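One structure is given below, encoded as structure tokens.
All of the numbers you see were taken from the coordinates with simple rules; none came from a lab. The shown structure was predicted, so the numbers you read here are calculated from the model rather than taken from an experiment. Backbone-built Cβ (ideal geometry, glycine too); neighbour counts: all protein chains shown.
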Amino acid sequence: MNRPPRPGLTSDADVRNLASTTLLRLFDSLYEGAVVVDRAGRITWINDKYKALLGWNGADPVEGRAVEEVIPNSRLRQVMESGRAELLDVFALGSRQVVVSRIPLLDESGAVIGGLGVILYDRVQALKPIVSKFQQMQADLASARRELAETRQAKYRFSQLVGLSARLREVKDQARRAAERDATVLLLGETGTGKELMAHAIHGASRRADKPLVSLNAAAIPETLLEAELFGVEPGAFTGAGAKPRPGKFQIADGGTLFLDEVGDMPLMLQAKLLRVLQEGEVEPIGSNRLRSIDVRVIAATSRDLKAMVDGGNFRADLYYRLNVLPIRLPPLRERIEDLPVLCEALLEQIAEKAGEPVKSVSPAGLARLGAYHWPGNVRELGNILQLAAARHDARLLNPEHFDDLPVTALAAVDQDPPEEGVRALKDVLACAEKAEIIKALAAAHGVKLNAAKLLFISRAQLYEKLATHGLLSEHPDRKEAV
Ligand SMILES: Nc1ncnc2c1ncn2[C@@H]1O[C@H](COP(=O)(O)OP(=O)(O)OP(=O)(O)O)[C@@H](O)[C@H]1O
Ligand SMILES: [Mg+2]
């Protein structure tokens, strides 16, 4: 660096001038465009190629003008302000996209004295494969994020809990009051009584409504994965190098609500860990020795008799009392059978909307027939029966004869369509047979999944897996992330 100047050059300034003119010539030949601005952001030099790209006519001098006047939306000024180079960027120059670099020019003391901008490629076309791959990845990421954010919002409001009976009104009032508080809610009630719907409504009416609602179904996830799902994994001393860090549901729900569905199915070992998290407000991811504070409101639900489980030693008493702060018991449909007319009306509207068909209704005699049934599967079962009747009969008014196969055969009939003609792919035949058997088992078990799983000789988690595969499990959006 300190070599003496070549003979003929007298001073450092000469060397610097020569260096800069050489560099400018180099930029001119190397790049599709090059521009230099002074510290005030005025153009001091620009090559002809750049001027041509800008469509600048030869008559007007460019030098001395503010850079933005000549290159609209130029970012050179920001680069000089930050002092940080932008080595690769795609920049819109009129209607074309060019790839550019922007570099701040510094003096010996490190102060910014100007900026250099060069066009590396004037046709992003040359980079099209890589750029379009990048754009595709960005679009995928954005849509995945959008989807995820949507699944983490309350899907239902109190108004969607249909019913005018005193029992339901009382429960809704209780839930509204619970929504205003921040305490743990325990939703109890038979299968299909609307516990999931209620959990969404409570979150949606709480001060956490704009924060995530994250669901976890303890019955749907194999026991071995449940701990990681809930508390997360942080590779450390215990987990070894192979494990990837993964946030748990508690962490994802931070600031919002965690809906712990089928909490009665949680293994005893995890019940202890869950209790600690609820008491301390801190989680310890698997493999980590660091406690992480979390601010999560828990809404738990179960269709099991938790108290009996406590008495039988299958559920920890201390966790039961910790969850049972604001218990809400959803009444079975047979105890609010006066809600049948409004429920039928609302459900048939939903069914018609989904099918894109005119809305059907149930005649008074039809309602009497439905009212005589004991509805072990509650509102979910009612929805299934109405859907089947609406799909099978053209009549706009559903009468008792349209519900002839109530109760047991109703669901099983879904797959009793006449077989298609010709030979089908074996995997389709097997899938179809599996689906039909699952539907039959669910019908026989009145929608109680544990019993259906027993009839099929599979585990409850396997049943959930299969329900998801066959599109029979619409109300558990968290399944996508869960497995
Ligand atoms: N009061 C209600 N008004 C309208 N629809 C309802 C009502 N209760 C339940 N449903 C509908 O019935 C179905 C079952 O409800 P949900 O999934 O909330 O029940 P659940 O109590 O969580 O059942 P499970 O214990 O089997 O998980 C859903 O389609 C829900 O929209
Ligand atoms: Mg549920």
* Asked: When the Cα atoms of segment 1-118 are enclosed in a convex hull and the volume is divided per residue, what value in Å³ results?
  -> 128 Å³
* **Difference of contour (0.36 nm per residue) and Cα-Cα distance, Ala368 to Ser109** => 84.1 nm
* How much length is gained if the chain between Ala66 and Ala395 is pulled fully straight, taking 0.36 nm per residue apart and subtracting their Cα-Cα distance, in nm to one decimal? -> 110.9 nm
* Asked: What residues have an amide H closer than 5 Å to that of Leu330, excluding those fewer than 5 places away on the same chain, when H is modeled at 1.01 Å from N in the peptide plane?
  -> Leu188, Gly189
* Mean projection area, nm², convex hull over Cα of the chain -> 37.4 nm²
* Give me the Kirkwood hydrodynamic radius of segment 159-200, using the inverse of the mean 1/r over all pairs of distinct Cα atoms, in Å to one decimal. => 11.0 Å
* Ratio of Rg to Rh over segment 334-407 (Cα coordinates, Kirkwood Rh, two decimals) -> 0.92
* To do: Can you tell me the 0 to 90 degree angle between the C-alpha axis of helix 460-469 and the longest principal axis of the chain, rounded to 10?
  => 60 degrees
* **Contact order relative to length of the chain, as percent, for alpha carbon pairs under 8 angstrom and 6 or more apart** => 11 percent
* Structure fact -> Rounded to the nearest 5, the percent of antiparallel DSSP beta bridges in the chain equals 55 percent
* Lys/Arg Cβ at +1, Asp/Glu Cβ at -1, dipole of segment 95-240 taken about the Cα centre: which of Met198, Gln136, Val100 is farthest positive-ward? -> Met198
* To do: Let me know the charge dipole size of the chain about its Cα centre in debye, to the nearest 20, where only the beta-carbon of Lys, Arg (+1) and Asp, Glu (-1) is charged.
  => 700 debye
* Structure fact -> Tilt, helix 378-392 to longest principal axis of the chain (alpha-carbon atoms), in degrees rounded to tens, equals 90 degrees
* **Volume in Å³ per residue [convex hull over Cα atoms, computed for segment 158-331]** => 110 Å³
* Within the set Lys195/Lys307; Lys155/Lys354; Lys172/Lys273; Lys195/Lys449; Lys133/Lys211, which residue pairs have Cα atoms separated by over 23 Å? -> Lys172/Lys273; Lys133/Lys211
* Asked: Which angle between 0 and 90 degrees, to the nearest 10, do you get for helix 128-151 versus the longest principal axis of the chain when only C-alpha atoms count?
  -> 40 degrees
* **Over the chain: helical MRE at 222 nm, DSSP H runs n ≥ 4 each giving -39500 (n - 2.57), nearest 500** => -13000 deg cm²/dmol
